[in-house]
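Single-structure report; data block below.
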Amino acid sequence: MISNTLKQKISSETSLTKEDALQLLSKNTDMIELLTLTYPLRTKYFEKAVRIHILNNSQNGYCPEDCHYCVQAKDSKVPIEKYTKKDEDQILKEAENAYKKGAYRYCMVFSGRGPSKKRVEFLSGVIKRIKDNFPIEVCLSPGLISKEDAKLLADAGLDRYNHNLNTSESHYEKICTTHTFKDRLDTLSNVNANNIDICSGMIVGMGESDEDIVDVAIKLRDVNVKSIPINFYLHMDGNKLGKLPKVSAEKCCKIVALFRAIHPTAEIRLAAGREHYLGELQSMALMAANSLFMNGYLNIKGSDIYDTIGMIETAGFTVDADVDLYTLKASAKTMDALTQFNSTQLELKSKEELIPV
Ligand code: SF4
């Protein structure tokens, strides 16, 4: 049972304390009661819309970092297709395609620790050309960055910067040894200092405690995050982190609802692994989340356009897409265009790779 005091705090959007948040994740809290409480916040700011995002990788693999969950890490044995960064004209063409299909935001994801000065100059040039030619928002995910380099990107017109915290400070050394939680947090501060919107979230299922989850949610509030992807760890043979017990769908729903309670106005996204962890409860999770990734996750396959739209509409939500999905849905040719960025995704062998607890 959720206490009346806590219910009142959630509905009046009062900042939750760490103790409040832990209570919401505890076994005593009923998932449906919690989702029912956060649903009015979700509809207040986003009505019943579900914003759909498609990931677009601009460089894959060749990363010197050792994030144990990542198939692009230096120690990963997962057989992904690696490629160095796309050239400026390729990226411009993709941005133009995205714009012509009705996208309002174009996102570029680069593997690696962070961009060199030369890379920042390259990216600034690309961003400026995109902004000069197409009225489209630009989001970038290039890794750790200094305040000075973030300023160059801001001056070029960058709208949003993605850099996930992934897990809490105390859990961080169990998932990565080549950089620290503080490095990641500093990047968010550097981006924030230059008035670029922050997109940052976590990965659930890496052996973290409830306290770790709550710490991430509260830390993201401190840096004024606007967009929060909630990923769920996907094990592939060759991942350094290995197989871990799977977090139940019910718990995942409570985690998503917790993020909504702490971040009433943020875009909260069901990201990598939503199909594998939430399963049938994905539509329940949309009572708190207002956004999702479709068509897979950089290197791993996810549910396609038909399953995703079907799931959203069956549950009574509406599709709010970066691209005109209804047109794409009717066109096999444009479906190919939609999947072109993700042609090298790997498939999980089976859902049993994740062990339910
Ligand atoms: S820095 Fe990014 S690309 Fe490199 S291993 Fe970590 S998560 Fe993967």
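Structure note, pairs Lys27/Lys219; Lys182/Lys219; Lys219/Lys254; Lys74/Lys174; Lys9/Lys182; Lys118/Lys147: Cα-Cα distances above 20 angstrom occur for Lys27/Lys219; Lys9/Lys182. Test of understanding: extend the Cα→C-beta vector of Glu148 to 7 Å, then name every residue of region 112-134 with backbone N under 11 Å from that spot. Within reach of a label on Glu148, which here means backbone N under 11 Å from a point 7 Å along Cα→Cβ, region 112-134 contributes 117.
Region 227-291 and region 135-165 have their alpha-carbon centroids 25 Å apart. Which shape class applies to region 12-342: rounded if a/c is under 1.5, otherwise prolate when a/b exceeds b/c and oblate if not, where a ≥ b ≥ c are the square roots of the Cα gyration tensor eigenvalues? Because its axes are fairly even, with a/c under 1.5, region 12-342 counts as rounded. Applying a threshold of 18 Å to the alpha-carbon distances of Lys93/Lys131; Lys7/Lys44; Lys77/Lys246 flags Lys77/Lys246 as lying beyond it. Panel order for Tyr45, Tyr172, Tyr306, by other beta carbons found within 10 Å of each beta carbon, from fewest to most: Tyr306, Tyr45, Tyr172. In terms of surrounding Cβ atoms within a 10 Å radius of their Cβ, Arg260, Arg129 rank from fewest to most as Arg129, Arg260. In sequence order, region 16-24 has phi-based couplings of 7, 7, 4, 5, 4, 5, 5, 4, 5 Hz under the Karplus curve 6.51 cos²θ - 1.76 cosθ + 1.60, θ = phi - 60°, and Gly or Pro positions carry x. Projected label points at Ser116 and Lys100, each 7 Å from Cα along the beta carbon direction, are separated by 3.4 nanometres.
Within the shell defined by Cβ-Cβ distances under 12 Å, the residues around Glu208 carry a net charge of -3, with Lys and Arg each +1 and Asp and Glu each -1. Modelled this way, with points 7 Å down the Cα-to-C-beta line, the labels at Lys93 and Lys174 are 4.6 nm from one another.
Computed from the coordinates by the stated procedures, all read-outs in this text should not be read as laboratory data. Since the structure is predicted, the reported quantities are computational estimates derived from the model, not experimental observations. Glycine gets a Cβ as well: all are built from the backbone with ideal geometry, and neighbour counts include every protein chain shown.
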